[in-house]
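Colleague: The structure under discussion is supplied below as C-alpha cells; questions concerning it will follow.
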Amino acid sequence: MSILTFTIILLIGAYLAGLLGSLTGLGGGVVIIPLLTLVFHADIRYAIGAALLASIATSSGAATAYVKEGITNIRLGMFLEIATTMGAVIGAVIAVYTPTNTIAILFGSILIFSAAMTLRKKNQEASNEGSKLAAVLKLNNSYPTKDGEVNYKIKHVGAGFSIMTLAGVLSGLLGIGSGALKVLAMDSTMRIPFKVSTTTSNFMIGVTAAASAVVYLQRGYMDPGLAFPVILGVLGGAFTGSKLLTKINPTALRIIFCVAIIFVALEMIYNGYNHKF
Amino acid sequence: MKKLLSKTYWEDQDVEQLVGLQLRFGVIISSIVVLAGGTFYLLAQGQMAVPDYTRFIGEGQGYTSFTGIIRGVAHLQTKEFIQLGVLLLIATPILRIAFSLFAFVLEKDKLYIGITILVLCIIFFSMFGGLKV
C-alpha cells in the first residue's frame, strides 16, 4: 500500500472515530487505539501516541464551546489537575515496564467500563451540603440554567482526589483521556451536577493528556505519518458530531454504539490475552 | 503597558473569553500547520510504500526533540513540519494553564496561584525530568 492510500483510509477511519467518540461521549482518543491496532495492525505504542494527540485536539476543540457558557468550574479543575497530572507522569513511567499485551487487556477493560458509564443515570441534582475542605479550597460554585443560577456544594474532596490520581495514571499508561473515570469521581463521589462534571472533566482531559504527551513525544511514540491523518480526521469527526448532537436525540444511537464498543473492547482483551500485541 | 496590567481592563475583556479564543486559535493553528506539512509530505512521499508500523522502532532525533523539529522545519522537511503542528497542539492546553495563572494573579487568589504553579511544575518536570528512558 502506498503512503497516499494509507493516509486517506486512516483519515476516513479517524473521522469516524471522532464522530463516534463525540456521539457516545467517550472522546476521540479511545476509538483511535482499536482502530490503529485491530484494523491497521500498528504497534500499540504508536496507537497510544496518536490517541493522546486525538484527546488533546478534541478536548481543546470542545472546550471552546463550554468556556463561554461559564459552566466549567476552573478552580475545581485546577485543584484536581494536581492529581491527574501527577498520575499521568506516574503512568508514563510505569508504561515502560508494562508489557504491551497487559496494556491491551487493561485498555479493553477500561473501554467496557467507560461504555457502561455513558449509559448510566446521571446526577442532575445540585447538592446543598458540602465538606469543610471544599469550602477552604473554594470549590463550591454555581452554574447558569434556564431558571437562573444554581448553587452547588462539593463533598468527599479527598476521595475524588484519589480517583483522579488513578484516572491520571490510566491516562498516562494507556494514552486516553479517561473521561469516564473523571466523571465518576466528580459525579458519583463528589456529588457535582452532571453538566459541571462533564465540562470540567473535558477541561482536565487536555491538560492531563499534555502532561504525558510531552514524555511520549520524546520517547518516539508520535509518528508524523500517523499524527497527520489522526489529528485532522478526529477533529473533523468531533466537529460533525457536535453539530449532529444538536439536531438528533442520541439516546438510541448511544446504546448501539456502546454495544459495538464493548465488542471492540472484548477483541482487544482477547488479542492481548493471546499475546498478539 | 499600564493599561495591560490594570485589573479593570482585563475584567472588561473577561479572561475566560480570552481562554476560549486561545484554545480555538491553538487548535486551528496546529491543524493548519499539520495540514500544510501533511500535504507536502504526501506530494513528496505519497507514492512510497507505507513504513512498517507493526513493529515499534521509535522515532529519530528529528521528530522527538524541540531542537530536532525546529532544525527540520528550517530545512523544510515535511515530516518535521507535521511534528511542529503536534508540538503546537500539545502546547495548547499547557498555555491554557498559564492563562489561568494570569487570571488568578489578577484576582490575587494566593491559594490558586500556588495550585496552578504546582500543576505547571508537574508538567515541566514531565517535559525536562528525563522520563523518556
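Colleague: Considering each of A:Ile71, A:Ile3 in turn, give the residue that is surrounded by fewer than 23 Cβ atoms within 10 Å (Cβ to Cβ), facing chain B (nearest Cβ under 7 Å), in contact with a helix residue (DSSP H, G or I) (Cβ under 6 Å, 6 or more places away or on another chain) and on the phi < 0 side of the Ramachandran plot.
Modeller: Just one listed residue meets the conditions, A:Ile3.
Colleague: In this structure, is A:Ala116 within 16 Å of A:Lys182 (Cβ to Cβ) and of a type outside the set (Ser, Thr, Tyr)?
Modeller: Answer is yes for this residue.
Colleague: Please verify whether B:Arg55 is over 30 Å from A:Leu38 (Cα atoms), at the interface with chain A (Cβ under 7 Å from one of its Cβ atoms) and among the basic types (Lys, Arg), treating the condition exactly as stated.
Modeller: no
Colleague: Being of a type in the set (Asp, Glu) and at pLDDT 90 or above is true for just one of A:Asp223, A:Asp187. Which residue is that?
Modeller: Answer to the selection: A:Asp223.
Yes/no per residue for (1) out of contact with any helix residue (DSSP H, G or I) (no Cβ under 8 Å at 6 or more places or on another chain); (2) farther than 27 Å from A:Val96 by Cβ:
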site	(1), (2)
B:Phe25	yes, yes
B:Ala44	no, yes
B:Val73	no, yes
B:Leu89	no, no
B:Ala98	no, yes
B:Ala103	no, yes
B:Leu106	no, yes
B:Leu118	no, no
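Colleague: Those residues that are touching a residue at least 24 places away in the same chain (Cβ under 8 Å) and not hydrophobic (A, V, I, L, M, F, W, C), I need them from region B:67-82; list them, please.
Modeller: Those that are touching a residue at least 24 places away in the same chain (Cβ under 8 Å) and not hydrophobic (A, V, I, L, M, F, W, C): B:Thr78, B:Lys79, B:Glu80.
Colleague: If you don't mind, there's one more thing I want to ask. Among the listed residues A:Tyr15, A:Tyr46, which satisfies the condition of being of a type in the set (Phe, Trp, Tyr), crowded, with 23+ Cβ neighbours inside 10 Å and at pLDDT 90 or above?
Modeller: After ruling out the rest, the residue left standing is A:Tyr46.
Colleague: Given the criterion crowded, with 21+ Cβ neighbours inside 10 Å and more than 17 Å from the chain's Cα centre (by Cα), identify the matching residue among A:Leu76, A:Leu133, A:Leu111.
Modeller: Matching residue, one of A:Leu76, A:Leu133, A:Leu111: A:Leu76.
Colleague: Answer yes or no as to whether B:Thr92 is at negative phi, of a type in the set (S, T, N, Q) and in contact (Cβ under 8 Å) with a residue 60 or more places away in the chain.
Modeller: So B:Thr92 fits the description; yes.
Colleague: Now a separate question. So which residues in region B:78-133 are within 20 Å of A:Ala95 (Cβ to Cβ), under 14 Å from the mean Cα position of the chain (by Cα) and of a type in the set (Val, Ile, Thr)?
Modeller: B:Val86, B:Ile90, B:Ile123
Colleague: Tell me yes or no: at least one residue of region B:66-78 is in a helix (DSSP H, G or I) and within 24 Å of A:Gly177 (Cβ to Cβ).
Modeller: Within region B:66-78, none of the residues are in a helix (DSSP H, G or I) and within 24 Å of A:Gly177 (Cβ to Cβ).
Colleague: How many residues does region A:23-41 hold that are facing chain B (nearest Cβ under 9 Å) and either in contact with a Lys or Arg (Cβ under 6 Å, 6 or more places away or on another chain) or crowded, with 24+ Cβ neighbours inside 10 Å (or both)?
Modeller: 1
Colleague: Taking the condition at the interface with another protein chain (Cβ under 8 Å from one of its Cβ atoms) and either in contact (Cβ under 8 Å) with a residue 12 or more places away in the chain or within 27 Å of B:Ser31 (Cβ to Cβ) (or both), does B:Ile113 pass?
Modeller: no
Colleague: With the requirement that a residue be more than 9 Å from chain A (Cβ to nearest Cβ) and not charged (D, E, K, R), what does region B:70-91 give you?
Modeller: Of everything in region B:70-91, those that are more than 9 Å from chain A (Cβ to nearest Cβ) and not charged (D, E, K, R) turn out to be B:Ile70, B:Gly72, B:Val73, B:Ala74, B:His75, B:Leu76, B:Gln77, B:Leu84, B:Leu88.
Colleague: Moving on to the next point. Is it fair to say B:Ile122 is at pLDDT 95 or above and among the aliphatic types (A, V, I, L, M)?
Modeller: Judged against the criteria, B:Ile122 is a match.
Colleague: Let me ask something else about it. Of the conditions (1) surrounded by 19 or more Cβ atoms within 10 Å (Cβ to Cβ); (2) closer than 17 Å to A:Val30 by Cα; (3) more than 9 Å from chain B (Cβ to nearest Cβ); (4) among the small types (Gly, Ala, Ser), A:Gly87 clears all except one; give me its number.
Modeller: (2)
The values are calculated or read from the model by the stated rules, or taken from the named source; none is laboratory data. Please read these numbers as outputs of a predicted model, since none were measured by experiment. Neighbour counts are summed over all protein chains in view; Cβ atoms, including those assigned to glycine, are modelled from backbone coordinates with ideal geometry.
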